[in-house]
Structure formats: C-alpha cells, structure tokens
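Heads up, the thing below is written out as structure tokens.
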Amino acid sequence: MKIEIIQPIVERKEILKNLLELYQYDFSEFESEDVDENGLFGYKYLDCYWDEPNHYPFLFQVDGKYAGFALVRKITAEDASNPSYMKMCEFFVMRKYRKEGVGKRAAFHIFNLFQDTWEVAELETNLPAQKFWREVISEYTNNNYSEFYLDQWPGPIQRFFTV
C-alpha cells in the first residue's frame, strides 16, 4: 500500500470540499449539525486554507486514490505569555482506510513538517478520535505529551513538541 500526503494546489480545492462533506457526515454522530437546504454541510473555513497565511491543507492518497485529508494551522500568539503553536484543525480518513495505518502515517508525516508545539483536540463524545490520537501521539512522542482541558473546548486536548 502506497500512502501519499500532498499539499493540494487550488485546483484540488473541490476535492477537499467533497471530502469535507464525508467527514462532516461522519462527524454528525458527535455534533448536532444539519445539512443546509441543498443537502450539504459546507465548511465555512475552507477558503482560508488557500487565502490566508499559516493555513495548511493536506490530502491523503492510498495507491493513487483519495483517502482523507488534514487541515492544519499555526495559531499565533497575541502576547508573549501565550506562545504560538500548530493546531490539527480537522483530520479525516475514509472508513475504508481506517485501521490500515493511513491516519498514523499521515499524522507522523505532518508532525514532521512543522517543528513546533502542537495541539490536537477531540470532542468529549468522540471516543474513537480520543483513542486514535492518544495512541498516535504517544507513539510519536514516546509518551512525552500532556493532556488538559479548557473551558472553551468540550473535550481533551493533547500538547506535545516535535523536534
């Protein structure tokens, strides 16, 4: 199985938009979002990943077929007491490719691209994501990460450093 993680050009934005629909459908199990009058979820931040600095889209392919994506951004500090960090904003592997190592390999690849502090957050109700990220981050960091909660996020957040 050949896994590729690519940063898409703007001509592939439509592919990412379509995969986001599948992601949001899967995610609707954990959130109360509904489709719009056209039967679509939509993702209001998609254009940011082409139009704004410090936003990084990725597509995953397995043997040349699209298998998922990640949306990553650098959160810049407003003051020195709150340092900047990389945030895994959205991460999706199609069900067909789950449990095949695709997500782990994609995550490792992306973490290696940005030598920085990272934060990955999951919803409290999304137990499969919590299990996945704890296992992946634990392996990636040799169990050298912290987990915490914030009032403004309903679930655990893992923080770690890449070097």
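Filtering region 104-154 down to residues that are surrounded by fewer than 14 Cβ atoms within 10 Å (Cβ to Cβ) and of a type in the set (Asp, Glu), which residue is farthest from residue 88 (Cα to Cα)?
Filtering region 104-154 for residues that are surrounded by fewer than 14 Cβ atoms within 10 Å (Cβ to Cβ) and of a type in the set (Asp, Glu), the one farthest from residue 88 (Cα to Cα) comes out as 151.
Residue check: is residue 59 touching a Cys at 6+ places or on another chain (Cβ under 6 Å) and open to solvent by less than 20 Å² (accessible area, probe 1.4 Å)?
Details: touching a Cys at 6+ places or on another chain (Cβ under 6 Å): no; open to solvent by less than 20 Å² (accessible area, probe 1.4 Å): yes.
Here the answer is no, as residue 59 does not meet what is asked.
Just a yes or no: is a residue in region 69-78 at positive phi and either of a type outside the set (Gly, Ala, Ser) or over 15 Å from the mean Cα position of the chain (by Cα) (or both)? Before you say what the answer is, go through the steps one by one.
So in region 69-78, the residues at positive phi come out as none.
No, region 69-78 contains no residue that is at positive phi and either of a type outside the set (Gly, Ala, Ser) or over 15 Å from the mean Cα position of the chain (by Cα) (or both).
Among the residues of region 89-102, is any modelled with pLDDT of 95 or more and of a type in the set (Lys, Arg)?
No, that holds for no residue.
Out of region 63-73, which residues are closer than 12 Å to residue 120 by Cα and open to solvent by 30 Å² or more (accessible area, probe 1.4 Å)?
73
Please list, ordered by first then second residue, the pairs with beta carbon atoms under 7 Å, 6 or more apart or interchain, first in region 3-29 and free of Cβ contacts under 8 Å to residues at least 24 places away in the same chain, second open to solvent by 40 Å² or more (accessible area, probe 1.4 Å) and of a type in the set (A, V, I, L, M).
Hits for this filter: 21/40.
Tell me yes or no: at least one residue of region 81-92 is farther than 21 Å from residue 114 by Cβ, open to solvent by 30 Å² or more (accessible area, probe 1.4 Å) and among the aromatic types (Phe, Trp, Tyr). Break it down into steps so the answer makes sense when it comes.
From region 81-92, those farther than 21 Å from residue 114 by Cβ are 81; that's our starting set.
Checking the rest, the ones that are also open to solvent by 30 Å² or more (accessible area, probe 1.4 Å) come to 81.
Then drop every residue that is not among the aromatic types (Phe, Trp, Tyr), which leaves none.
Looking through region 81-92, none of the residues is farther than 21 Å from residue 114 by Cβ, open to solvent by 30 Å² or more (accessible area, probe 1.4 Å) and among the aromatic types (Phe, Trp, Tyr).
Say whether the condition of being within 16 Å of the chain's Cα centre (by Cα) and modelled with pLDDT of 95 or more is met by at least one residue in region 24-34.
Looking for residues that are within 16 Å of the chain's Cα centre (by Cα) and modelled with pLDDT of 95 or more, one finds none in region 24-34, hence no.
The values are calculated or read from the model by the stated rules, or taken from the named source; none is laboratory data. All of these numbers come straight from a predicted model, not from anything done at the bench. Please note: Cβ atoms are built from the backbone with ideal geometry, for glycine as well, and neighbour counts cover all protein chains shown. Heavy atoms of the whole protein, side chains included, go into the accessibility calculation; ligands, DNA and RNA do not. Shrake-Rupley method; radii C 1.70, N 1.55, O 1.52, S 1.80 Å.
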